[in-house]
Amino acid sequence: MKLANAVLLLELVCLAGAEVQKWIVFSSFANKKVFAVPAPQSSAAEPDAEEAGKGMIELAADFSEPVGVAIGGVARGQPVLYVADVGKKTILAFDINVASDSISLTKPERVVVRNQPARWLAVDRWDNLFYTNEETNTVMKVDSKTLRAGKQESVKVYDQTTKLVNVPGGIAVDNYYVYWGNKVDGQVHGSVIKGFEDPPADAGPSSAAMLAKNSLSTVGVCAAASNIFFTNPGAGHVYGIKKAGGDVAVVTSRASSPKGCGWDGDGTMFLADEAGDAIFSFPANQQVIAPMHHVTHVAQLEAGTGPTGLVVFTAYGNAGGFAVLASFALAMLSWQ
């Protein structure tokens, strides 16, 4: 299905008063599993301790060290969940199935990248898969044609010759630019770097530029419409900056160990608190980056869940079935 047709289908379904399901999909490094919880309605009350784990669905298990999660395949009509399993040095793909109030994955999974210790993933709207490899200090890409052909071939987008790739962490894309964080010496090599998804041939490494250098270590990196958010779990901070650059601000310190984050494609950013076993949300599209006054505790998970990577997935449906839309602000991952 062509992208334009897919978008038109989603618009028609929405206009028909369809049921909307929004799911927060996250990895658990501690439990070696991937889970989903329904995103609450905006009017929902914050959960208390007695509600821990309410609504959690186990999607997949038997991972070694699952960290990064991302969603693609939406434009083709079959959404796919990608999971980076660091321990097995693979990126796995699962077809996503949705029905009334439920979400599941088709098994067995497919291996799309092998022998690469990727932790952090992102997928753009054209279904190109990006990941970072901290062992080789590289930002890598698997283009959509390669994925569809079932070939396990990656190409290098940026490497340490730029001086701006130093143990790269979370990664985000917005269909034109790629953003990544550095987990070591961010105040020297950059806390967040902005480059091109397809760097100009005549510019090469010089086409990447430092967007922020305030944080010594960056783990999660997420893109909203005009803002970039990034996390430092050790400091307990989530920072924000405009995509065009400018001042950096701490937008929230409510999470005890903020890791992955994901945009819902609308007005909300969701955040995984690994140490706090919780999911938070905050507005994603503020005009001026500043401390948030409206940070919502949207889900309290079972003790020891430790959410790490996170992505938001939305399905629109009616009695005839469901169409799907995934936010392309894909979740970013963790320092492990």
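General remarks:
- Per-region count, segment 99-110, residues in a strand (DSSP E or B) and either within 25 Å of Asp174 (Cα to Cα) or open to solvent by 70 Å² or more (accessible area, probe 1.4 Å) (or both): 4
- In segment 194-215, the qualifying residues are those that are of a type in the set (D, E, K, R) and open to solvent by 20 Å² or more (accessible area, probe 1.4 Å), and the one that is nearest to the chain's Cα centre (by Cα) is Lys194.
- Segment 216-232: number of residues that are open to solvent by 10 Å² or more (accessible area, probe 1.4 Å) and not in a strand (DSSP E or B): 4
- All of (1) assigned to a strand (DSSP E or B); (2) in contact (Cβ under 8 Å) with a residue 40 or more places away in the chain hold for Asp95 with one exception: (2).
- Residue within segment 275-287 that is open to solvent by less than 10 Å² (accessible area, probe 1.4 Å), touching a residue at least 12 places away in the same chain (Cβ under 8 Å) and within 23 Å of Val139 (Cβ to Cβ) present: no
- For Arg119: the one exception among (1) within 20 Å of Ala61 (Cβ to Cβ); (2) open to solvent by 40 Å² or more (accessible area, probe 1.4 Å); (3) under 16 Å from the mean Cα position of the chain (by Cα): (2)
- Residue count, segment 121-133 (criterion: modelled with pLDDT under 95 and in contact with a Pro (Cβ under 9 Å, 6 or more places away or on another chain)): 0
- Matching residues, segment 156-176, being hydroxyl-bearing (Ser, Thr, Tyr) and open to solvent by 10 Å² or more (accessible area, probe 1.4 Å): Thr161, Thr162, Tyr176
- Pairing each residue of segment 154-177 that is under 23 Å from Val312 (Cα atoms) with any residue that is of a type outside the set (Phe, Trp, Tyr) and open to solvent by 40 Å² or more (accessible area, probe 1.4 Å), provided the two are 6+ apart or on different chains, yields C-beta distances under 6 Å for Pro168/Glu134; Asn175/Arg125; Tyr177/Lys194.
The values are calculated or read from the model by the stated rules, or taken from the named source; none is laboratory data. Since this is a predicted model, take the numbers as computed values, not measurements. Neighbour counts run over all protein chains shown; Cβ positions are idealised from the backbone, glycine included. Each accessible area value is taken on the protein alone, full model and side chains, heavy atoms only, with ligands, DNA and RNA left out. Shrake-Rupley method; radii C 1.70, N 1.55, O 1.52, S 1.80 Å.
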